[in-house]
1. Under the condition of being open to solvent by less than 60 Å² (accessible area, probe 1.4 Å) and at pLDDT 90 or above, which residue from region 72-88 is nearest to Ser283 (Cα to Cα)?
2. Pull up region 526-564, narrow it to residues that are charged (D, E, K, R) and farther than 26 Å from Gln606 by Cβ, then point me to the one that is modelled with the highest pLDDT.
3. If you go through region 271-300, how many residues are surrounded by fewer than 19 Cβ atoms within 10 Å (Cβ to Cβ), of a type in the set (A, V, I, L, M) and touching a Lys or Arg at 6+ places or on another chain (Cβ under 9 Å)?
4. Output yes when any residue across region 440-461 is outside any strand (DSSP E or B) and modelled with pLDDT of 95 or more, and no when none is.
5. Output the residues belonging to region 759-807 that are open to solvent by 30 Å² or more (accessible area, probe 1.4 Å), touching a residue at least 40 places away in the same chain (Cβ under 8 Å) and small (Gly, Ala, Ser).
6. Condition test on Lys164, is it more than 19 Å from Asn543 (Cα to Cα) and either open to solvent by 10 Å² or more (accessible area, probe 1.4 Å) or at pLDDT below 90 (or both)?
7. Suppose we keep only residues that are part of a loop (DSSP other than H, G, I, E, B) and not aliphatic (A, V, I, L, M) within region 416-439. Which one would you say is surrounded by the fewest Cβ atoms within 10 Å (Cβ to Cβ)?
8. Residue by residue through region 215-241, note down the ones that are open to solvent by 10 Å² or more (accessible area, probe 1.4 Å) and either under 19 Å from Tyr405 (Cα atoms) or free of Cβ contacts under 8 Å to residues at least 24 places away in the same chain (or both).
Amino acid sequence: MQNTITKIISLNALLLFILISNYTYAKTSKDALQPNSNFNIAGKVLDAKTGEALLGASIFIYELKRSTITDAQGNYYFHEVPKGKYLLEVSYMGYAQWAQTISVHEDLKLDIKLDQTAVEQTAVIVTGVSSATRIRQNPQPVSVIKKDEFMNTTSTNVIDALTKLVPGVNAVSTGPAISKPFIRGLGYNRVLTIHDGVRQEGQQWGDEHGIEIDDYTVQRVEVLKGPASLIYGSDALAGVINIISQTPTPDGVIRGTLLSEYQTNNHLRGFYGNLGGSKNGFSWNAYGSYKGAADYQNKYDGYVFNSKFQNINFGGMLGYNGQWGRSNLIISNFDEHLGIVEGNRDSATGKFIKMLPNGDEAIATKQDFNSLSSTVPFQHIRHFQITSNNNLKIGNSNLDLILSYQHNQRQEFGNSEDINTPNAWFNLQTITYNINWHLPYTGNFKTSFGVGGMYQNNQNLAEEVLIPEYNLFDIGAYVFSQYSKNRLSLSGGLRYDTRHDNAKGMVMEGETKFTALKKNFSNISGSLGLSYEVSKSLALKANIARGYRAPNFAELSSNGVHEGTNRYEIGDNNLKSEVSIQGDAGIEITSQHVSFDASLFYNHVQNFIFYKRLLAQNGADSTILDPESGQALEVFQFDQETANLYGAEVSLDLHPHPLDWLHFKNVFSYTRGKFTTPVGGSENLPNIPAARIFTILSGNFFKDGKKIRNLNIGLESDFVFQQHNPFTGFNTETNTPGYWLIGAHASVDIIKNNQTLFTLNITGENLGNIAYQNSLSRFKYLAINNVTGRQGVFDMGRNIGIKINIPLNFKYN
């Protein structure tokens, strides 16, 4: 690990040195012989109606990752901008975002006029496209969530927050700390998580394996719904969650944040600090955070024993942006301890029980519930990532070079007599690489080529093993092109990938645990879509895409007890790649007071992989005894069939005139999944979320207040329909009743001398303290409480969250 990190740091330092040396040489020896190929951009940002200068408007050049802000007279300025075409975005609170492609071949004076709007609008996205694109030109449905929206949401992890903010996104949860993302009914390795430009690799095949990303660092999230294998290769079959934590600071400015959080239900407490700056092309950023929570509670179960967790995280960035391009070195480290809820109870009282060091059991006490230290079973997860992200300007083209190393260590502890020795230890190391060549505009065409892939090595460092040790290597090449003229945008491309799997055999106590395995998977991905802007307020979109996913090693080769799931899992090394063909159609209507967005999808998946319970000869569930605990474990095996999924998402956002301060947002999502041939007597796919309607009614006040500013108060309604289409084959899933949760939120900026001292956010969820179970909660299928007759553990009850955010702003001398 240390040798790999050292090589990446050395490579990045060497590359940075070479690039700066080339720039210095060019500057000293060629400037006198050739005309200047770098130019200045300057102008004003103004109110389109009044002509008033807008102080503090943000201007961002996506391709160069350079930003600035306007002064009191609305002036902005970029110096030494290389010749070329760039996507420029301007944003200011209370105004519609402005985004246009500009051509820089001489000094450019560009005044920008922004229209006031009551509806929040996002102009630019970077997910699922080869380079930054206006969101209206992208044919696939993409949702964008910004930092402010996360601040007004009570959550325990970043995926949990997204399920409350993005229609069509759900999560299979294993308590507050573990949420696995699902997009339109598909999850696990079918959803690709991107973290600061790099695919996140952390044993995401497991039910109780969450996303190892610090939610306090998140600045922006883009969620692409639908196959994205064209750009990202295998594992982007359902879509992409692109989490962006590193954003550039305007030149000459130092910015930071101090954040504190508390939640009443599980006594969650969190602290986060961040500081970053930029000067003369050099940029830097550093952060650290802590989050800890005791056991959560609800009306039926009281405190849920061992649902506690803690994590400590740190990271940073160091970069340089020059005329030749840019180079960034990004580091992040995630370290989490979390308890696993087994749901075992005392048969006489129905209270939760805990394991004692001598192997005995005892009823959990108040002290146990309030403690932040997990007891067995628990997990310790560490995820380290270092990335070298570079963009080089070669003539009129741009070349992206991204190299990253990730080290994921997942330890699972289950022995109460030896809590320091892990029963299972997955040691996964991944190197990812991407090279993207962006050609200059040719007429109305923008084209990119790319090569990318990864190398993985997984080791088992403890006695218990579920999957074999393996090596994996894949590589893919793509071409993507976009044609834009007037109101019409066409985009599409093709990609070819090949993956080589090599798993080691293993013999334990004279019996074959794993058979050596060598498999190759290859496939072609592609997409074709169009977006047509009928008018300034109306856009129509359509897209068809082909994606694929190679089976993971858990599906191919698992053979053992999966700690944390209470299952014995068996793989199938004859599984084939999943192949998806999905069609999307959408409409967007946006005006100053109304925003309407609707999308329909149909997804045909060949060789859909799922696990099912095995039945014994007598028709009962097949079980096997855990040699460690003596507990009877149900046996599951992976299988595959053809499946179809279809559904819709509809969003209506109203600011009725003249009550522009009033905000009324309604979101509906529906997904249905079926096997083409019933499996175990059921045609329904597993893990399909119930239909849902989410409504927010809020008001904005004191927009220009001198002491109190941007006061936002709102009520929330979250109505989840009954899930009466579960996968009942082999007694895998059961019906889930619907439920209705009421919440509220309030946020306000405290001002002094026209500067924000701090922002206060207060949120309340499940204010009625309703006892409910989400259909995708794995706690739903835990043991029956013999006293009440209820099966499983219920979700979190009433929870009040408080956040205080202190901004830090400085200027270089």
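The values are calculated or read from the model by the stated rules, or taken from the named source; none is laboratory data. Note that this is a predicted model, so its numbers are computed, not measured. Heads up, the Cβs are rebuilt from the backbone with ideal geometry, glycines too, and the neighbour counts pull from every protein chain shown. What goes into the accessible areas is simple: the full protein's heavy atoms, side chains included, and nothing from ligands, DNA or RNA. Shrake-Rupley method; radii C 1.70, N 1.55, O 1.52, S 1.80 Å.
1. Per the stated criteria, the residue is Phe78.
2. Filtering first and then ranking leaves Glu533.
3. Of the residues in region 271-300, 1 are surrounded by fewer than 19 Cβ atoms within 10 Å (Cβ to Cβ), of a type in the set (A, V, I, L, M) and touching a Lys or Arg at 6+ places or on another chain (Cβ under 9 Å).
4. As a first pass, look at region 440-461 and keep what is outside any strand (DSSP E or B): 440-441, 443-444, 461.
This time we only want the ones that are modelled with pLDDT of 95 or more, so: 461.
Yes, the conditions are met somewhere in region 440-461.
5. Ala783
6. For Lys164, the condition - more than 19 Å from Asn543 (Cα to Cα) and either open to solvent by 10 Å² or more (accessible area, probe 1.4 Å) or at pLDDT below 90 (or both) - is met.
7. Asn420
8. Tyr232
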